[in-house]
Amino acid sequence: MEEENKVNEENESQNTVKDFTYPSFMGRAGAYIFDGLILSPVFVLLFFVQGKLYTSESMFYPALIIELMFFIIQNSYNVFFTKRFNGTPGKLFFKFRVCREDGMPVTWETSIKRESIYIIRNIIYLICFYAFIAINREKITNFGIATYLHSETLLSKIENWLSFIIYLFDFGKALFSKKRKALHDTIAGTVVVYQPMNPNTSQGGNI
């Protein structure tokens with residue numbers, strides 16, 4: 001009986017995969033931009049507060065914490081919505097869903113893997129930027145000077161090239177993939193599809 005149920009589940013999963021339709025590259029780009037618009041008011045507010053704090057000697061390091069908050073919010077946004085709702089608000093707006101390649105909803109582990117290349121990129125940036133600030137603290141009086149001086153360093157230029165390469169490979173892979181799988185999809189074993197998930201599993205899987 002258990003073997004029969006297992007076979008039925010495998011057949012259902014295979015049928016689900018066959019029924020997948022994949023969004024276009026421009027569709028995925030549109031969802032990405034939509035998510036950016038949702039997050040932009042929060043980022044503008046943080047940027048404004050950060051600029052004010054950077055002008056005060058006593059508030060300089062709290063301002064650096066806000067720099068960290070930018071990335072925490074961005075990465076957490078993608079991880080949480082992908083796991084809990086099978087897609088970010090931008091994807092859901094365009095009727096997209098994120099699922100595993102077998103048709104099942106993503107787990108927390110899968111969602112984190114999907115965001116991993118951007119988490120790593122952000123960690124590298126923060127380490128380099130914080131180190132630069134610590135070394136050159138006496139020369140820096142505000143946020144603009146801090147970011148400008150850091151941008152002129154060789155390390156910053158390497159970071160920028162690293163970010164460019166990550167985005168190039170990530171979006172480039174989606175452009176030429178039949179299933180429109182970006183690099184982060186390949187890492188996590190996920191796909192972005194049009195059709196909704198199975199009603200019984202649409203709220204996400206177990207950890």
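The values are calculated or read from the model by the stated rules, or taken from the named source; none is laboratory data. These numbers were taken from a predicted model, which means no experiment stands behind them. Here the Cβ is made from the backbone with ideal geometry for all residues, glycine too, and neighbour counts use every protein chain on show.
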Exercise. Give the residue, chosen from PHE20, PHE34, PHE47, PHE71, that is modelled with pLDDT under 95, surrounded by fewer than 18 Cβ atoms within 10 Å (Cβ to Cβ) and under 19 Å from the mean Cα position of the chain (by Cα).
Key: PHE71
Practice problem: Take region 90-116 and flag every residue that is farther than 20 Å from LYS179 by Cα, in contact (Cβ under 8 Å) with a residue 60 or more places away in the chain and buried (at least 16 other Cβ atoms within 10 Å of the Cβ). | Solution: THR107, TRP108
Self-check item: The one condition in (1) within 21 Å of LEU183 (Cα to Cα); (2) crowded, with 17+ Cβ neighbours inside 10 Å that PHE132 fails to fulfil
Solution: (1)
Quiz item: Just a yes or no: is a residue in region 97-115 assigned to a helix (DSSP H, G or I), among the aliphatic types (A, V, I, L, M) and either modelled with pLDDT under 90 or out of contact with any Asp or Glu (no Cβ under 6 Å at 6 or more places or on another chain) (or both)?
Solution: yes
Exercise. Find the residue count for region 94-133, including only residues that are of a type in the set (Val, Ile, Thr) and closer than 30 Å to LEU155 by Cβ.
Key: 8
Quiz prompt | Those residues of region 179-207 which are at pLDDT below 85 and not polar (S, T, N, Q), in sequence order | solution = PRO196, MET197, PRO199, GLY204, GLY205, ILE207
Quiz item: If you take the residues in region 175-188 that are among the hydrophobic types (A, V, I, L, M, F, W, C) and closer than 16 Å to ILE119 by Cβ, which one is surrounded by the fewest Cβ atoms within 10 Å (Cβ to Cβ)?
Solution: ILE187
Quiz item: Hey, among the residues in region 156-174 that are surrounded by 15 or more Cβ atoms within 10 Å (Cβ to Cβ) and more than 17 Å from the chain's Cα centre (by Cα), which one's farthest from TYR32 (Cα to Cα)?
Solution: SER156
